[in-house]
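Participant: Here it is, the structure, as structure tokens.
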Amino acid sequence: MNLIHRHIFANVVLTCAAGVGLFAFVLMVGNVLKDLLGLLVAGQMAVDTFLHLVLLTIPVVVSYALPMGMLTGILLVLGRMSSDREVTALRASGLSVAWLSAPILFCALIGVVLNLAINFEFMPRAKVAYEAELAEAVRQNPLSFIVPRTFIRDFPGLVIYAGDKKGAQLRDFWLWELDAQNRVKRFARADTGRLDFDEKRNTLVLTLEHAQAEVRDEKDPENFTQARGSAAWEQATFDLPLGKLGGAQGVHRKLRWYTFDQLVEEWRRLGRPDPALSAAEREKLQMRVQITIHEKFATAFSVLSFALVAIPLGIKVSRKETSANLGIGLALVMAYYFATIVIGWIDNQPALRPDLLMWLPNLAFQGLGLWMFYKVDRS
């Protein structure tokens with residue numbers, strides 16, 4: 001690799017690394033805000049557990065950030081070189097676009113290998129560990145779900161409020177049960193209550209004392225004149241299932257969280273006769289495994305596809321404005337992932353081979369990139 005290639009390679013690697021870091025940070029912040037920050041602020045999670053879970057999100061977000069960062073980094077480097085007339089000077093000396101692109105394509109191939117390792121090994125293991133540790137953290141302190149003077153919406157279909165809490169004892173407790181449209185169909189109120197954890201059933205058991213309840217009309221719960229009645233109890237008990245947040249045993253592993261060996265083993269298992277499943281059901285499930293495998297491979301090779309588009313586009317754009325190049329990169333990435341999502345909608349139709357269709361966005365981007373290479377090289 002000569003001096004010019006080393007110069008281009010170093011700039012692309014550094015800029016792409018910065019781009020991957022930027023996109024990974026943005027995606028990580030979204031995950032942390034959605035899943036973790038509320039638990040930390042509410043005291044439901046220790047700081048060291050929070051930090052470890054944040055670290056476990058890195059492989060997950062990098063699997064998405066790597067293709068975006070690669071495309072954006074190449075656009076920025078070549079856009080700067082083109083605007084500074086470096087590309088013009090190199091081409092005037094007789095160097096072709098293909099020769100200039102060699103170190104960038106080499107960097108993209110490294111990105112493909114790295115993304116394959118992340119998609120099939122690091123990301124699945126990190127995601128399973130993340131879900132298990134998050135569940136275990138909540139299981140070890142399940143009573144922390146109830147935070148005084150806060151409306152709790154962690155339980156589907158329920159809203160809970162406690163005016164005060166001391167240990168497991170509650171005061172001024174309210175519970176609203178919602179319908180599918182988030183309208184209150186029943187609610188209960190109690191002066192005092194107690195919260196216990198049934199570890200065997202993975203459920204919070206709520207015992208209310210001196211409770212009053214009101215049941216509304218299911219068809220028109222917002223019409224108070226149609227209330228179906230009210231009741232009062234000296235003591236009433238409610239179960240609040242913790243679901244997937246109740247422990248590692250509640251973690252449901254998605255196919256995307258399988259390693260390559262696990263996906264292959266699952267595919268082979270579904271290929272064997274099973275009296276519990278019909279042949280058509282096994283075929284559909286097997287196709288979903290194939291879609292997952294092909295999607296992981298296609299996502300890794302999207303790094304190369306994006307590079308093939310970014311090289312001629314970066315030369316042609318000739319702009320220093322970072323926002324313009326970032327906008328182009330994001331638009332291309334969104335188009336790619338939108339096409340992938342559309343293909344995923346037909347996963348229940350094995351006859352259409354959605355697993356092979358996962359490669360269509362890659363083929364489209366590579367075809368577009370080669371055509372743009374030809375146009376730029378001849379200009």
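Participant: Tell me, Ile58, Ile8 in order of fewest to most beta-carbon neighbours within 10 Å?
Facilitator: Starting with the residue having the fewest Cβ neighbours, the order is Ile58, Ile8.
Participant: On full extension of the chain, what length is gained from Ala10 through Leu55, given 0.36 nm per residue of separation minus the C-alpha to C-alpha distance?
Facilitator: Separation in residues times 0.36 nm, less the Cα-Cα distance, equals 13.5 nm.
Participant: For the chain, how many pairs of lysine residues have a Cα-Cα distance under 23 Å, where the two are 8 or more positions apart or belong to different chains?
Facilitator: Within the chain, the lysine pair count is 14.
Participant: Under a Cβ-Cβ cut-off of 10 Å, what is the net charge of the residues other than Ala188 that fall near it, where Lys and Arg count +1 and Asp and Glu count -1?
Facilitator: 0
Participant: Suppose each label sits 7 Å from its Cα in the direction of the beta carbon; what would the Met334-Lys34 distance come out to in nanometres?
Facilitator: 1.7
Participant: Does the stretch 1-133 classify as rounded, prolate or oblate by the C-alpha gyration tensor (a ≥ b ≥ c root eigenvalues; a/c under 1.5 gives rounded; else a/b over b/c gives prolate, otherwise oblate)?
Facilitator: Prolate, because a/c is 1.5 or more and a/b exceeds b/c.
Participant: For Phe151 and Leu3 in the same chain, what is the full-extension length gain: residue separation times 0.36 nm, less their Cα-Cα distance, in nm?
Facilitator: So the extension gain works out to 47.0 nm.
Participant: Stretch Arg269-Lys200 to full length: gain in nm at 0.36 nm per residue minus the Cα-Cα span?
Facilitator: Gain on extension, Arg269 to Lys200, equals 21.7 nm.
Participant: Please list the helices of the chain that count as membrane-span-like by this rule: a mean Kyte-Doolittle hydropathy of at least 1.6 together with Cα atoms stretching 18 Å or more along the helix axis, each helix being a complete DSSP H run.
Facilitator: Details: long enough: 3-31 (42 Å, 1.57); 47-83 (47 Å, 1.55); 97-117 (30 Å, 2.19); 123-140 (25 Å, -0.37); 279-317 (53 Å, 0.63); 322-344 (33 Å, 1.55); 360-378 (27 Å, 0.27).
Sorted by number, the helices that extend far enough and score high enough are 97-117.
Participant: Name the most mobile residue of Pro273, Pro103, Pro312, meaning the one with the largest mean-square fluctuation, in a Gaussian network model of the chain with Cα contacts below 10 Å.
Facilitator: With Cα springs under 10 Å in the chain, the top fluctuation among Pro273, Pro103, Pro312 is at Pro273.
Participant: Using all Cα-Cα distances in the chain, what percent lands in each 20 angstrom bin from 0 up to the longest?
Facilitator: With a bin width of 20 Å, the distribution comes to 23, 40, 29, 8, 0.
Participant: Sticking with this structure for a sec: Are there trypsin sites (Lys or Arg not before Pro) in the stretch 82-190 that DSSP marks as loop and that have at most 14 other Cβ atoms within 10 Å, and which are they?
Facilitator: Filter output for the stretch 82-190: Arg85, Arg149, Arg153, Arg183.
Participant: Using the Cα centre as the reference, give the magnitude of the dipole from point charges on the C-beta atoms of the chain (Lys, Arg: +1; Asp, Glu: -1; all else neutral), rounded to the nearest 20 debye.
Facilitator: In debye, rounded to 20, the chain gives about 1200.
Taken together, the values in this text are just the output of simple stated rules run on the coordinates, not laboratory data. The model shown is predicted, which means the values in this text are computed figures rather than measured ones. Positions of Cβ are generated from backbone atoms using ideal geometry, with glycine treated the same way; all protein chains shown enter the neighbour counts.
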